[in-house]
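Engineer: Okay, handing you the structure first.
The values are calculated or read from the model by the stated rules, or taken from the named source; none is laboratory data. Bear in mind the structure is a predicted one, so any value in this text is a computation, not a measurement. Glycine gets a Cβ as well: all are built from the backbone with ideal geometry, and neighbour counts include every protein chain shown. The area values use the complete protein model at the heavy-atom level, side chains included, leaving out ligands, DNA and RNA. Shrake-Rupley method; radii C 1.70, N 1.55, O 1.52, S 1.80 Å.
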Amino acid sequence: MIFYKTDEEIELVRESCLLVCKALSRVASILKPGMTGQDIDKAAEEVIRDHKAVPAFKGYRGFPATLCVSKNEAVVHGIPSEKQVFNDGDIVSVDCGVLLNGFFGDSAYTFPVGEVSDEIMKLLKVTNTSLYKAIDAATIGKRIGDIGFAVQHYVERDYKYGVVRELVGHGIGRELHEPPEVPNFGKRGRGIKLQEGLVIAIEPMVNQGKKDVRTAPDGWTIISRDRKPSAHFEHTIAVRKNGPDILSNHEMIVEEIRKNDNLQEVGVLKEALA
Ligand code: MG
Ligand code: MG
């Protein structure tokens, strides 16, 4: 069953999403070559606990950490650890969720560490842009399939990258994962109609190579089968009468990236490629 949110509930989800982005901004402010997954996980957890909120992923189905930290060929659900060291040229996808005042927030960003290659930078920009194309399609009267189509069409037709099929976006609110599922592929005009108050996390996962993935031996990390790099950007949005309302905020993350000499800027809006 889909729970459509009231204005008040949407504002509570926004608060949770802003805290998620605050935690991701902290990551953006400290991330540099030599740092580990454990370092950024601790920093993010501190931000969340300081705001009397709870890291949503910690303990979720047994996941052990605050952040999902997925490096290079890892697509999502990587477990941060002290052995996970970030080197110059790596990309690090960081996914974060919080529970605050009874509502969840969820957002993700992929950071290029140090100097990454032009090809990888292009993967990040295209994935980020595909997220905004998907959000543009999230208007009243359209359908879930229009969102997935927007990502797939742009990423696969225009750039020949692989859109991951096994993992999808989702409704969010009083639960971290609510119906409906929001795939990053699909056909126009298919699936449920988008209505006022629908709150969903849209999260394209894009592989530089083929779309196929597998689970790593740790039982959590999803990696690309061909071990080519993969990117992940996620916003939580509300479908409103005036158009999609982005509840998470990547501008604050980008602001920190700009101040951090160890990170390159991916950009934040769909103009990223322009
Ligand atoms: Mg997420
Ligand atoms: Mg999500």
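Engineer: With the condition kept exactly as written, say whether any residue in the stretch 186-196 is within 16 Å of ligand 1 (Cβ to nearest atom), β-branched (V, I, T) and more than 22 Å from E115 (Cα to Cα). Can you show your working first?
Structural biologist: Of all residues in the stretch 186-196, those within 16 Å of ligand 1 (Cβ to nearest atom) come to none.
Looking through the stretch 186-196, none of the residues is within 16 Å of ligand 1 (Cβ to nearest atom), β-branched (V, I, T) and more than 22 Å from E115 (Cα to Cα).
Engineer: Of all residues in the stretch 184-221, which are aliphatic (A, V, I, L, M) and over 17 Å from E234 (Cβ atoms)? Show your work before the answer.
Structural biologist: Residues of the stretch 184-221 aliphatic (A, V, I, L, M): 192, 194, 198-202, 205-206, 213, 216.
Once the filter is applied, which keeps residues that are aliphatic (A, V, I, L, M) and over 17 Å from E234 (Cβ atoms), the stretch 184-221 yields I192, L194, A216.
Engineer: Right, next: Any idea how many residues of the stretch 171-212 are under 13 Å from the mean Cα position of the chain (by Cα) and touching a residue at least 60 places away in the same chain (Cβ under 8 Å)?
Structural biologist: 7
Engineer: Identify the residue in the stretch 162-186 that is over 15 Å from A231 (Cα atoms), within 16 Å of ligand 2 (Cβ to nearest atom) and in a loop (DSSP other than H, G, I, E, B) and, among all such residues, is most open to solvent (accessible area, probe 1.4 Å).
Structural biologist: Taking the stretch 162-186 and keeping what is over 15 Å from A231 (Cα atoms), we get 170-183, 185-186.
Next, from what is left, pick out any that are within 16 Å of ligand 2 (Cβ to nearest atom): 170-183.
Filter once more, keeping what is in a loop (DSSP other than H, G, I, E, B): 172-177, 183.
Values: I172: 0, G173: 0, R174: 140, E175: 108, L176: 6, H177: 91, P183: 29 Å².
Per the stated criteria, the residue is R174.
Engineer: Would you mention how many residues in the stretch 249-259 are within 12 Å of the chain's Cα centre (by Cα) and open to solvent by 10 Å² or more (accessible area, probe 1.4 Å)?
Structural biologist: Step one: list which residues in the stretch 249-259 are within 12 Å of the chain's Cα centre (by Cα), which gives 249-250.
The next check asks that each one be open to solvent by 10 Å² or more (accessible area, probe 1.4 Å); those that pass are 249.
Total satisfying the criteria: 1.
Engineer: Considering only residues of the stretch 228-248 that are assigned to a strand (DSSP E or B) and open to solvent by 10 Å² or more (accessible area, probe 1.4 Å), which is nearest to ligand 1 (Cβ to nearest atom)?
Structural biologist: First, the residues of the stretch 228-248 that are assigned to a strand (DSSP E or B): 230-232, 234-240, 243-246.
Narrowing further to those that are open to solvent by 10 Å² or more (accessible area, probe 1.4 Å): 240, 243-246.
Details: R240: 21, G243: 23, P244: 18, D245: 18, I246: 14 Å.
Looking at residues that are assigned to a strand (DSSP E or B) and open to solvent by 10 Å² or more (accessible area, probe 1.4 Å), I get I246.
Engineer: So, one more: Yes or no: E15 farther than 16 Å from A108 by Cβ, out of contact with any Asp or Glu (no Cβ under 9 Å at 6 or more places or on another chain) and free of Cβ contacts under 8 Å to residues at least 60 places away in the same chain? First the steps, then the outcome.
Structural biologist: Working: farther than 16 Å from A108 by Cβ: yes; out of contact with any Asp or Glu (no Cβ under 9 Å at 6 or more places or on another chain): yes; free of Cβ contacts under 8 Å to residues at least 60 places away in the same chain: no.
Considered against the rule, which asks whether it is farther than 16 Å from A108 by Cβ, out of contact with any Asp or Glu (no Cβ under 9 Å at 6 or more places or on another chain) and free of Cβ contacts under 8 Å to residues at least 60 places away in the same chain, E15 comes out as no.
Engineer: Taking the conditions exactly as written (of a type outside the set (A, V, I, L, M, F, W, C), within 16 Å of ligand 2 (Cβ to nearest atom) and open to solvent by 10 Å² or more (accessible area, probe 1.4 Å)), does Y159 satisfy them or not?
Structural biologist: Details: of a type outside the set (A, V, I, L, M, F, W, C): yes; within 16 Å of ligand 2 (Cβ to nearest atom): no; open to solvent by 10 Å² or more (accessible area, probe 1.4 Å): yes.
No, not satisfied.
Engineer: Separate question: If you go through the stretch 81-106, how many residues are among the hydroxyl-bearing types (S, T, Y) and farther than 24 Å from I202 by Cα?
Structural biologist: So the count comes out to 1.
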